[in-house]
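The values are calculated or read from the model by the stated rules, or taken from the named source; none is laboratory data. This one's a predicted model, so the numbers in the text were calculated from it and none came from an experiment. Please note that ligands, DNA and RNA were not included when accessible areas were found on the heavy atoms of the full protein model with its side chains. Shrake-Rupley method; radii C 1.70, N 1.55, O 1.52, S 1.80 Å.
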Amino acid sequence: MESFEASDLMSRRTHQKRRGPSRRQVIQGLAAASAACLAAVATGLLRSRPRLVVLPHADDRPAASPQSSRPAIVRRGEWGALPVDHSARNEYGFYERASNPAGWYVYEGDLRDSYQTLIMHHSAFYEADGLATLTEVQRLHREDRGWADIGYHFLVDIDGAVYEGRELAARGVHTAGHNTGSAGLCLLGDYRFTAPSAAQWAAAAALGRWLAEALALTHLAGHSQFNPSTACPGAALLRRLPGLAEQLGLQYGIDGYVPMARAADGCNCGSPL
């Protein structure tokens with residue numbers, strides 16, 4: 001938070017009484033007083049000008065360091081994402097606590113007050129390339145599952161490219177019963193038996209580090225830890241998550257998830273992959 005701070009000039013004069021000063025002393029005294037007065041006025045003009053000061057605020061987070069700076073992200077418009085479909089059958093319209101809890105939900109206020117957990121996923125398939133895979137994920141989520149948009153907030157390709165999925169200000173649709181307050185990060189590919197590439201893993205770690213700081217996250221977990229019926233994010237990827245959590249300074253597991261009121265969590269949606 002930025003504040004302006006002005007210094008007030010306080011001038012003090014000391015009057016000394018002397019008995020019987022000579023004419024010479026009077027003239028010298030007047031000259032000295034005049035010079036002092038001019039100096040005081042000049043100093044006052046300089047000091048009275050406002051000075052910009054950045055003051056710390058209790059809610060401010062530390063500025064991002066080079067290690068946690070925002071990574072390069074391919075925006076939705078750049079990879080050709082389809083617009084949000086608010087007529088989707090399973091995420092229809094906009095959120096209303098009583099009448100439409102499954103609708104499109106946008107977090108209010110500071111996102112750091114809403115997010116707690118980063119949940120890791122895999123797409124479970126890979127097309128000809130990353131863009132084709134990304135496009136197919138969005139098609140599956142919109143057409144086959146009836147969601148308004150792609151369910152994940154971010155997706156990372158095998159070459160390390162990071163793509164923007166659902167806007168971060170909107171509740172994701174990626175983990176059944178635990179979408180509110182969790183950010184969904186999906187690695188493109190199938191990681192049941194093989195681990196992610198070095199480039200993909202490094203990009204996921206960089207993105208996770210930035211998200212952890214930007215959203216003040218506390219925990220990291222895999223999809224299957226919340227929904228045991230799914231194999232996502234794949235056994236080979238799941239084994240690496242405790243180390244990733246430690247690297248990001250997060251706790252590993254589901255204990256940090258803070259559910260909202262039952263109606264606010266929306267539809268019981270989440271990828272079954």
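Can you sort Tyr126, Tyr105, Tyr152 by solvent-accessible area, 1.4 Å probe, largest first?
Tyr126, Tyr105, Tyr152
With a 1.4 Å probe and all protein chains left in place, how much accessible area per residue does segment 64-130 have, in Å²?
Each residue of segment 64-130 exposes 56 Å² on average to a 1.4 Å probe.
Keeping all protein chains in position, work out how much accessible area Ile158 exposes to a 1.4 Å probe, and write it in Å² to the nearest 10.
For Ile158, solvent-accessible area is about 70 Å².
State whether segment 121-175 is rounded, prolate or oblate according to the following rule on the C-alpha gyration tensor (a ≥ b ≥ c being the square roots of its eigenvalues): a/c under 1.5 gives rounded; otherwise a/b larger than b/c gives prolate, and the remaining case gives oblate.
Judged from the Cα gyration tensor, segment 121-175 comes out oblate (a/c at least 1.5, b/c at or above a/b).
Averaging sequence separations of C-alpha pairs under 8 Å and six or more residues apart, then dividing by the length of segment 122-273, give the relative contact order as a whole percent.
27
What does the extension gain come out to for Ala128 and Ala169, with contour length at 0.36 nm per residue minus their alpha carbon separation?
Separation in residues times 0.36 nm, less the Cα-Cα distance, equals 11.7 nm.
Going from most exposed to least, what order do Thr218, Thr180 have by accessible area with a 1.4 Å probe?
The residues order as Thr218, Thr180, largest area first.
Using only the Cα atoms of segment 86-220, build the gyration tensor, take square roots of its eigenvalues as a ≥ b ≥ c, and label the shape rounded, prolate or oblate: rounded if a/c is under 1.5, else prolate if a/b is larger than b/c, else oblate.
oblate
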